[in-house]
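**Q** This is the structure I want to talk about, given as structure tokens.
The values are calculated or read from the model by the stated rules, or taken from the named source; none is laboratory data. Quick caveat, the model's predicted, so the values are computed rather than measured. With ideal geometry, Cβ positions are generated from the backbone for all residues, glycine too; neighbour counts draw on all protein chains shown.
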Amino acid sequence: MTTVRKLARLAQVSPSTVSRVLREHPHVRPEIRARVLELAALHHYHPNRPMQHLMPGKGQIIGCLVPSVSALFYNHALDGIVATAYEELYHVVIMQTHLDAAMTHNALHALIEQGVAGVLIITAHEQPLRGEALMELWSHDIHTVLLDNCSTEFPLDTVLTDEDAVAMTAIRYLTGLGHRHLAMVERYTHLHATPHHRSRAQLFKQAMATTGTVESLLECELRDDAGHDNTRAIWERILHATPRPTAIWTTVDQLAWRLLRYAHEYGVRIPQDISLLGCGNLEASEWITPALSTIEQHPEQIGRAAVSLLLRRIQSGEHPGAVPPESIMMPVTILERESCAPLPS
């Protein structure tokens, strides 16, 4: 994607000068204006015409709703969102919703009042985003893109992790190491189940059925608000299961951390006795012992792709909802570290 800052580098001028040219500001030297416009045409960059004629006070601002800026996945997604918006001279207004539907709708009203050009939304709360809230955004010509765990009453532009690929990657990696008896530990979730949202546990079992390489699966669930005894109870289920799992997949890295914390109490060596695979590649996973093998979801790239899609919609001049929604699936990769090993022969 050609950005304002890229044009500025090519034209050897400041980004603000490029912005003035694209907005047809009168105080630009003719030779600079010509050079910038020639480069914009050469690189197929189209100035944001709709933004030049908006109501007073509405400018190059996009809003972003996230459950929490402290959650590591969202934090990394915000890195990509802010960086890409900055490249296009957009400011980002970030609002936390704390998994609360009422706070989400209040935040949307606040962003409308601030005159944002578009909104990025991650809700992750139980209730789907109501249709009337989205229609109100559209009535103000505000484009909307959803990220990852966000359910709505009707489809919208979405950028999300390819969850089918997450499940299949976990299955193929563990069975590729020779493991046929697996345990899956899933975080208790309150997310709203919709035809468009399936849990990782559901997808994992579908991948098992597709590959036919797993002989047994022990399903466990950990709650975020559960104490130490809950983690110990998971270990006891795993160690007393028949057949006993030789590998564990946790649907998020934090669950793997909790299991690793208590493995020594049960005399379990990771990965000599049981392999442990996480999902998310959070920072601590690289520094614990043993370093956690995990599935990388690339949240920063999700954030970047979401901003690019949103700006494309804004710059198209189309009314929100006038074109079919687009869904962009972001690939995942396996990160091999120290917590998984081949099944001993």
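**Q** Yes or no: segment 142-160 includes at least one residue that is of a type in the set (Phe, Trp, Tyr) and at pLDDT 90 or above.
**A** No, because not a single residue in segment 142-160 is of a type in the set (Phe, Trp, Tyr) and at pLDDT 90 or above.
**Q** Name, by its number, the condition in (1) touching a Pro at 6+ places or on another chain (Cβ under 7 Å); (2) within 22 Å of ARG200 (Cβ to Cβ) that does not hold for GLU338.
**A** So the condition that GLU338 fails would be (2).
**Q** From the list ARG5, ARG20, ARG29, which one is buried (at least 18 other Cβ atoms within 10 Å of the Cβ) and charged (D, E, K, R)?
**A** The conditions single out ARG20.
**Q** Filter segment 65-107 down to the residues that are of a type in the set (Asp, Glu) and modelled with pLDDT of 90 or more and list them by number.
**A** ASP79, the sole residue that qualifies.
**Q** So HIS46 passes all but one of these: (1) at pLDDT below 75; (2) in contact with an Asp or Glu (Cβ under 7 Å, 6 or more places away or on another chain); (3) not aliphatic (A, V, I, L, M). Which condition number does it fail?
**A** (2)
**Q** So which of HIS109, HIS76 is more than 26 Å from VAL252 (Cα to Cα) and out of contact with any Phe, Trp or Tyr (no Cβ under 8 Å at 6 or more places or on another chain)?
**A** That would be HIS109, the only listed residue that is more than 26 Å from VAL252 (Cα to Cα) and out of contact with any Phe, Trp or Tyr (no Cβ under 8 Å at 6 or more places or on another chain).
**Q** Does SER316 fit the bill of being hydroxyl-bearing (Ser, Thr, Tyr) and at pLDDT 95 or above?
**A** Answer is no for this residue.
**Q** Tally time: how many residues in segment 198-207 are under 16 Å from ILE295 (Cβ atoms) and not in a loop (DSSP other than H, G, I, E, B)?
**A** The qualifying residues number 5.
**Q** Tell me whether segment 284-299 contains one or more residues that are aliphatic (A, V, I, L, M), within 24 Å of LEU203 (Cα to Cα) and surrounded by 15 or more Cβ atoms within 10 Å (Cβ to Cβ).
**A** yes
**Q** Can you tell which of ILE295, ILE288, ILE314 is over 18 Å from the mean Cα position of the chain (by Cα) and over 21 Å from LEU146 (Cβ atoms)?
**A** ILE288
**Q** I'd like the full set of residues that are surrounded by fewer than 13 Cβ atoms within 10 Å (Cβ to Cβ), at pLDDT 85 or above, within 20 Å of ASP162 (Cβ to Cβ) and not polar (S, T, N, Q), limited to segment 190-245.
**A** ALA209, the sole residue that qualifies.
**Q** Quick one: in segment 253-278, which of the residues that are closer than 24 Å to ASP164 by Cα and surrounded by fewer than 21 Cβ atoms within 10 Å (Cβ to Cβ) is farthest from the chain's Cα centre (by Cα)?
**A** TRP257
**Q** Here's a follow-up. Does ARG304 fit the bill of being out of contact with any Phe, Trp or Tyr (no Cβ under 8 Å at 6 or more places or on another chain) and either outside any loop (DSSP other than H, G, I, E, B) or loosely packed, with under 14 Cβ neighbours inside 10 Å (or both)?
**A** Spelling it out, ARG304 is indeed out of contact with any Phe, Trp or Tyr (no Cβ under 8 Å at 6 or more places or on another chain) and either outside any loop (DSSP other than H, G, I, E, B) or loosely packed, with under 14 Cβ neighbours inside 10 Å (or both).
**Q** Of all the residues that make up segment 1-36, how many are among the hydroxyl-bearing types (Ser, Thr, Tyr), outside any helix (DSSP H, G or I) and out of contact with any Ser or Thr (no Cβ under 9 Å at 6 or more places or on another chain)?
**A** Count: 2.
**Q** Another one. I'd like to know if segment 122-143 contains one or more residues that are within 16 Å of the chain's Cα centre (by Cα), more than 21 Å from LEU72 (Cβ to Cβ) and not charged (D, E, K, R).
**A** No, because not a single residue in segment 122-143 is within 16 Å of the chain's Cα centre (by Cα), more than 21 Å from LEU72 (Cβ to Cβ) and not charged (D, E, K, R).
**Q** Restricting the first residue to segment 207-222 and requiring it to be of a type in the set (Gly, Ala, Ser), which pairs with a second residue that is in a strand (DSSP E or B) meet a Cβ separation below 7 Å and a spacing of at least six or different chains?
**A** The qualifying pairs are SER216/HIS181.
**Q** Follow-up. Give just the number: which of (1) closer than 25 Å to LEU343 by Cβ; (2) free of Cβ contacts under 8 Å to residues at least 12 places away in the same chain; (3) in contact with a helix residue (DSSP H, G or I) (Cβ under 9 Å, 6 or more places away or on another chain) does HIS264 not satisfy?
**A** Answer for HIS264: the failing condition is (3).
**Q** Output the residues belonging to segment 288-297 that are part of a loop (DSSP other than H, G, I, E, B) and among the β-branched types (Val, Ile, Thr).
**A** ILE288, THR289
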